[in-house]
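The values are calculated or read from the model by the stated rules, or taken from the named source; none is laboratory data. This one's a predicted model, so the numbers in the text were calculated from it and none came from an experiment. Counting neighbours? That spans all protein chains shown, and the Cβs are built from the backbone with ideal geometry, glycine included.
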Amino acid sequence: MNEPVVLLHGVGLDSSMWDTLVIDGALWLAGREVMALDLPGHGWQPPLRKPTSLSEMADDVARRLPPKAHLVGFSLGALVAQEIAAREPGRVLSLTCVSSVCQRTEAEAAAVARRLEAAREDFAASAEAALERWFPDAGRVPADLVENVRSVLLANDRESYLHAYEVFATGDRDASDALPLITAPTLAITGSEDPGSTPEMTLRLSRSVAGARALVVDGARHMLPLEQPEQLARLIAEFADEAERKMHHASTD
């Protein structure tokens, strides 16, 4: 079948965050169309000028999807992907959630609320703090890629970023209601050292979606598409292949 793969980035980033994965994972993704979309308020999409919701962001992205696709979301993009998969099961052939938050505890919700407030008070300082969380170890990700992320992050329209970050900070509550409605084959992946989208969150996600699979990448942190681009591309491609084989067998039985 070789249906397309659609990639959704995280808050404050844009579709360019997937460039390395597409290049390094070209062997695994060969034969498939790969589309990286900008979330509302990011990249080439118009900036957000009023508060929005996870539902509204999902509506916007769904309008730009192909009729059927394998949906891959990173961080905020994973929450958007979950909402789409719950609403439009016939269009999502498989769902891969990379570094996704899920059902934050009170302490986890308070921590992200503090980061949102810090961004409101001093956007540039909060952006640098995010980079330190994502890339604490020099050399794990090439310096030029880190600088690319810094440039994209700092280039955000401040108002738009804050509206999007509020969805990221609170959207796991809405996504939690959607998870039991997801019927697509689902894979949840995170890094063992991710302090924000923790392995425990990935387990929560896998327990909330029927038949979902959880995978923790040993030694990796939050930015898996940049830390482990080829490995992540392989996992995405293999999961898409497996989902298509199962669909084919089901249709021929």
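Filter segment 1-56 down to the residues that are in a helix (DSSP H, G or I) and among the aliphatic types (A, V, I, L, M), then identify the one that is farthest from Ala169 (Cα to Cα). It would help to see each step written out before you state the result.
We begin by selecting, within segment 1-56, every residue in a helix (DSSP H, G or I); these are 15-24, 26-29, 54-56.
Applying the additional criterion that residues be among the aliphatic types (A, V, I, L, M) yields 17, 21-23, 26-27, 29, 54.
On the way: Met17: 20, Leu21: 26, Val22: 28, Ile23: 31, Ala26: 33, Leu27: 36, Leu29: 32, Leu54: 11 Å.
Only one residue tops the list, namely Leu27.
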* To do: Find all pairs meeting these conditions: Cβ atoms under 6 angstrom apart; at least six residues apart or on different chains; first residue within segment 8-29 and at negative phi; second residue of a type in the set (Phe, Trp, Tyr).
  => His9/Phe74; Gly10/Phe74; Val11/Tyr165; Val11/Phe168
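What number of residues in segment 46-72 are in contact with a Leu (Cβ under 7 Å, 6 or more places away or on another chain) and either more than 15 Å from Ala178 (Cα to Cα) or without any contact (Cβ under 8 Å) to a residue 40 or more places away in the chain (or both)? Spell out the reasoning first.
Looking only at segment 46-72, we keep the residues that are in contact with a Leu (Cβ under 7 Å, 6 or more places away or on another chain), and these are 54, 57, 61, 64, 68-72.
Within this subset, residues satisfying the condition of being either more than 15 Å from Ala178 (Cα to Cα) or without any contact (Cβ under 8 Å) to a residue 40 or more places away in the chain (or both) are 61, 64, 68-72.
Summing the residues that are in contact with a Leu (Cβ under 7 Å, 6 or more places away or on another chain) and either more than 15 Å from Ala178 (Cα to Cα) or without any contact (Cβ under 8 Å) to a residue 40 or more places away in the chain (or both) in segment 46-72 gives 7.
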* To do: Just give me the residues in segment 9-41 being under 13 Å from Ile236 (Cα atoms) and of a type outside the set (D, E, K, R), in sequence order.
  => Trp18, Leu21, Val22, Gly25, Ala26, Leu27, Trp28, Leu29, Ala30, Val34
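Quick test for you: out of Asp157, Asp172, Asp144, Asp137, pick the one residue that is under 23 Å from Ala81 (Cβ atoms) and either of a type in the set (Asp, Glu) or in contact (Cβ under 8 Å) with a residue 12 or more places away in the chain (or both). So that I can check it myself, show each step before the final result.
Values: Asp157 fails: under 23 Å from Ala81 (Cβ atoms); Asp144 fails: under 23 Å from Ala81 (Cβ atoms); Asp137 fails: under 23 Å from Ala81 (Cβ atoms).
Answer to the check: Asp172.
Residue-wise test of (1) over 23 Å from Ala233 (Cα atoms); (2) touching a helix residue (DSSP H, G or I) at 6+ places or on another chain (Cβ under 6 Å); (3) not in a loop (DSSP other than H, G, I, E, B); (4) not hydrophobic (A, V, I, L, M, F, W, C).
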site	(1), (2), (3), (4)
Glu108	yes, no, yes, yes
Val112	yes, yes, yes, no
Val141	no, yes, no, no
Leu153	yes, yes, yes, no
Glu159	yes, no, yes, yes
Arg173	yes, no, yes, yes
Pro180	yes, no, yes, yes
Thr190	no, yes, yes, yes
* Asked: over 30 Å from Ala130 (Cα atoms) and among the charged types (D, E, K, R) - does that describe any residue in segment 200-222?
  -> no
* Structure fact -> Residues in segment 196-233 that are polar (S, T, N, Q) and within 21 Å of Val34 (Cβ to Cβ) total 2
* Are there any pairs, at least 6 apart or on different chains, whose C-beta atoms fall under 8 Å, with the first in segment 77-90 and of a type in the set (D, E, K, R) and the second surrounded by fewer than 24 Cβ atoms within 10 Å (Cβ to Cβ) and modelled with pLDDT of 95 or more, and if so, which? -> Glu83/Leu54; Glu83/Ser55; Arg87/Ala62; Arg87/Leu181; Glu88/Ala62
* Asked: Hey, Ala107 hits all of (1) out of contact with any strand residue (DSSP E or B) (no Cβ under 7 Å at 6 or more places or on another chain); (2) touching a residue at least 12 places away in the same chain (Cβ under 8 Å); (3) hydrophobic (A, V, I, L, M, F, W, C) but one; which does it fall short on?
  -> (2)
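Within segment 192-202, track down each residue that is within 16 Å of the chain's Cα centre (by Cα), part of a helix (DSSP H, G or I) and not hydroxyl-bearing (Ser, Thr, Tyr). Reasoning before the result, please.
Taking segment 192-202 first, the residues within 16 Å of the chain's Cα centre (by Cα) are 194-199, 201-202.
Those still in the list that are part of a helix (DSSP H, G or I) too: 199, 201-202.
If the condition is that a residue be within 16 Å of the chain's Cα centre (by Cα), part of a helix (DSSP H, G or I) and not hydroxyl-bearing (Ser, Thr, Tyr), then Pro199, Met201 are the ones that fit.
Suppose we filter Val141, Val167 for residues that are surrounded by 15 or more Cβ atoms within 10 Å (Cβ to Cβ), under 19 Å from the mean Cα position of the chain (by Cα), of a type in the set (A, V, I, L, M) and more than 15 Å from Leu13 (Cα to Cα); which single one remains?
Working: Val167 fails: more than 15 Å from Leu13 (Cα to Cα).
Exactly one residue qualifies, and that residue is Val141.
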* With the condition kept exactly as written, say whether any residue in segment 67-77 is modelled with pLDDT of 95 or more, over 18 Å from Leu162 (Cα atoms) and assigned to a loop (DSSP other than H, G, I, E, B). => yes
